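Below is one structure, written out as structure tokens, with a few remarks after it.
The values are calculated or read from the model by the stated rules, or taken from the named source; none is laboratory data. Bear in mind that the values here come from a model prediction, so they are computed numbers and not experimental data. Glycine also receives a Cβ, built like all others from the backbone with ideal geometry; neighbour counts cover every protein chain displayed.
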Amino acid sequence: MSDPILSVHHLVGGYGKMTILNGTTFSVPPATITTIIGPNGAGKSTVFKAIFGLLKLRDGKISFAGRDVTNSSQRALLNAGICYVPQGRNIFPELSVRSNIELGGVSAGKGIDLPKRIEAALDLFPALRRKSAQQASTLSGGEQKQLEIARSLLLEPKLVLIDEPSIGLSPLMVQQTFDILKSLRDRGVTILLIEQNARSALEISDIGIVLELGQTRMVDKAERILNDPRIGQLFLGGAMEDNAA
Amino acid sequence: MNGFARPLKIALGLIVVAGLIIVPMNFNRYGLFILSQWAVMTIAAMGLNLTLGYAGQVSLAQGAFVGIGAYAGAIMTTHGWPLPVAVLVAIVLSFGVGWVLGYPALRVQHHYLAFVTLAFSTLAFLVFRNESWLTGGIYGISNIPRPHIFGIATNKPLPFYYVCLGSLAIVSLAVWWLIRSPWGRAFVALRENPLRAQSLGIDTRRYTLMAFAIGSALGGVAGALYAPLTQYIDPVPFNLSLSLDLLMMVIVGGAGFYFGPFLGAMIAVLLPEWLRFTEGYYLMLYAIAVMGLLIWSPTGILGILDRHMAARRTKAASALRAVAKSRLETAQ
């Protein structure tokens with residue numbers, strides 16, 4: 001395997017007295033889709049917050065493309081090539097679709113041809129191009145999520161963190177969104193995904209990471225995790241066998 | 001498309017502005033004082049509206065910033081400096097103090113920030129009262145001169161009212177520009193969804209701090225005008241109750257609405273005066289009126305207007321749909 005584009009090592013952190021991440025360690029190879037799965041409270045979203053500098057870590061190290069980016073500012077991370085698409089709806093409903101995409105470039109430097117990049121982003125999402133002049137609140141839930149992904153692409157990121165893209169979407173929309181992620185991967189973008197919809201996410205993923213109680217339980221090829229009988233058990237609420245005290 | 005046609009809006013605005021200039025010419029001394037107070041308090045409330053309505057942070061220190069501005073204005077003008085210079089110093093001072101206070105205070109948000117600013121408010125009051133070498137202590141500062149503007153003395157109530165009104169106009173334009181600038185839009189983006197703003201690489205803390213400091217600076221402007229208006233200041237008007245009054249003005253008028261502070265300050269300054277004929281009951285009636293309003297419309301007076309407009313737009317849209325439908329049916 002080639003050198004990882006992202007590696008997190010022994011992350012420890014949480015909210016207040018609560019420790020959510022307890023030695024989380026994994027790495028992500030470039031140009032892959034990697035999905036983090038795990039039960040509620042395993043620390044999936046918290047890992048993303050830690051990577052994107054939104055959570056002060058008590059311990060651990062995050063490196064991206066060979067550079068230490070632990071506790072960097074959001075702007076520095078965006079400039080380094082990491083984008084973050086948070087859970088839920090994060091569009092500007094009162095602005096047009098095009099303006100929403102344009103906002104992905106607020107932290108871009110002067111030398112960037114924004115109109116060209118907006119066009120490139122719209123090329124990837126035909127549904128958004130058709131509606132680019134409409135107010136973003138008129139889009140369907142799935143289109144709104146696509147809009148967020150399109151916006152995150154404006155800085156031409158090397159790594160996109162996407163938290164629960166399929167939440168609240170129809171099965172068809174989930175499939176469409178996942179297809180877009182696959183085409184991004186094929187263009188060399190690395191995607192790190194969190195999904196409740198674990199089965200369909202793993203089906204499009206190269207690597208799967210199982211997180212439990214803030215610790216990495218398993219990192220393996222996605223298909224191996226899909227076929228692992230212990231995973232079903234984990235998602236039924238039980239702990240993994242070897243964790244039973 | 002906001003219910004009124006644009007020319008109608010402009011005409012309405014011009015009528016209000018003309019009214020504010022012409023009508024008070026017949027007012028007595030007391031009426032002019034109240035109206036000047038309205039203009040000054042509107043400036044302070046606009047500052048708080050930036051912090052609360054646009055950046056979404058509850059501050060209980062706006063009265064203290066009015067106090068800082070008032071003392072800066074009073075001390076400088078009694079020492080012979082012209083008022084415009086004193087206003088500039090008040091702006092710089094309250095912006096600076098706001099920044100220094102906000103830097104540690106904005107580590108906490110919302111109601112926690114309210115407590116931190118509450119403590120600052122008390123602290124500022126103690127400084128005004130106890131540092132008598134600077135502030136005159138409980139005796140305050142008297143004989144605060146009113147300025148000469150372009151060679152015209154503004155000692156009389158009417159000219160000074162125009163100074164207050166003119167200042168309000170300048171501040172209004174500045175705030176209008178600010179909330180339409182990328183800065184203002186960033187403030188709203190932070191209030192609505194901080195995570196969304198952060199994911200785009202906006203430094204939320206810096207913008208919140210800026211909103212807080214600019215809001216504080218407007219408190220300072222109001223204070224620097226308040227001092228020559230009353231011509232005598234002591235610490236009492238700048239205690240916590242002023243901060244609470246200003247907070248009420250913003251909320252009653254409609255937090256986050258541009259014209260909210262104008263209306264809120266009008267109610268807070270004028271309503272008690274109108275209710276004076278009820279003698280001992282006027283504060284009670286005033287309190288009941290405010291409570292009733294906020295139960296009826298938690299988003300303030302402009303919130304009522306907003307709902308009314310939304311209802312009208314819905315009706316208009318359904319009428320359009322009905323027309324379109326009947327046309328489709330006849331076409332078939």
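Computed quantities for the displayed model
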| item | result |
| --- | --- |
| Residues within region A:113-125 that are surrounded by 13 or more Cβ atoms within 10 Å (Cβ to Cβ) and part of a loop (DSSP other than H, G, I, E, B), tallied | 1 |
| Number of the exception - B:ARG29 against (1) touching a Pro at 6+ places or on another chain (Cβ under 6 Å); (2) crowded, with 24+ Cβ neighbours inside 10 Å | (2) |
| Residue within region B:200-207 that is within 14 Å of chain A (Cβ to nearest Cβ), in a helix (DSSP H, G or I) and touching an Asp or Glu at 6+ places or on another chain (Cβ under 9 Å) present | no |
| Qualifying residue in region A:151-164 (condition: crowded, with 22+ Cβ neighbours inside 10 Å, more than 20 Å from A:THR32 (Cα to Cα), within 14 Å of another protein chain (Cβ to nearest Cβ) and small (Gly, Ala, Ser)) | no |
| Residue match in region A:9-23 (condition: within 14 Å of chain B (Cβ to nearest Cβ), without any contact (Cβ under 8 Å) to a residue 40 or more places away in the chain and not hydrophobic (A, V, I, L, M, F, W, C)) | yes |
| Matching residues in region B:300-317 - criterion: being at pLDDT 80 or above, more than 30 Å from B:MET249 (Cβ to Cβ) and either of a type in the set (Gly, Ala, Ser) or not in a helix (DSSP H, G or I) (or both) | B:ALA316 |
| Which listed residue, of B:VAL250, B:VAL221, is at pLDDT below 95 and in a helix (DSSP H, G or I) | B:VAL250 |
| Top-ranked residue of region A:78-89 - restricted to ones that are surrounded by 20 or more Cβ atoms within 10 Å (Cβ to Cβ), of a type in the set (A, V, I, L, M, F, W, C) and under 15 Å from A:VAL28 (Cβ atoms), ranked as nearest to the other protein chains (Cβ to nearest Cβ) | A:CYS83 |
| Test: A:GLY104 is of a type outside the set (A, V, I, L, M), buried (at least 20 other Cβ atoms within 10 Å of the Cβ) and at the interface with chain B (Cβ under 10 Å from one of its Cβ atoms) | yes |
| Among the residues listed as B:LEU209, B:LEU195, B:LEU178, B:LEU240, the single one being under 20 Å from B:VAL92 (Cα atoms) and surrounded by fewer than 20 Cβ atoms within 10 Å (Cβ to Cβ) | B:LEU178 |
| Tally of residues being under 15 Å from B:GLY215 (Cα atoms) and of a type outside the set (A, V, I, L, M) across region B:166-190 | 6 |
| Test set (1) away from every other protein chain (no Cβ under 11 Å); (2) within 25 Å of A:ILE167 (Cα to Cα); (3) free of Cβ contacts under 8 Å to residues at least 40 places away in the same chain - A:ARG67 fails condition number | (2) |
| Complete set of residues in region A:107-120 that are small (Gly, Ala, Ser) and more than 14 Å from chain B (Cβ to nearest Cβ) | A:GLY111, A:ALA120 |
| Test: residue in region A:138-159 that is assigned to a loop (DSSP other than H, G, I, E, B), within 29 Å of A:PHE64 (Cα to Cα) and of a type in the set (Ser, Thr, Tyr) | no |
| Residue identified as aromatic (Phe, Trp, Tyr) and touching a Gly at 6+ places or on another chain (Cβ under 6 Å) among B:PHE187, B:PHE212 | B:PHE212 |
| Residue within region B:269-290 that is of a type outside the set (Phe, Trp, Tyr), modelled with pLDDT of 85 or more and closer than 20 Å to B:VAL175 by Cα present | no |
| Breaking point among (1) within 14 Å of chain B (Cβ to nearest Cβ); (2) modelled with pLDDT of 90 or more; (3) within 21 Å of the chain's Cα centre (by Cα), for A:GLN135 | (3) |
| Output for region A:165-175, where each listed residue is surrounded by fewer than 18 Cβ atoms within 10 Å (Cβ to Cβ) and assigned to a helix (DSSP H, G or I) | A:PRO171, A:LEU172, A:GLN175 |
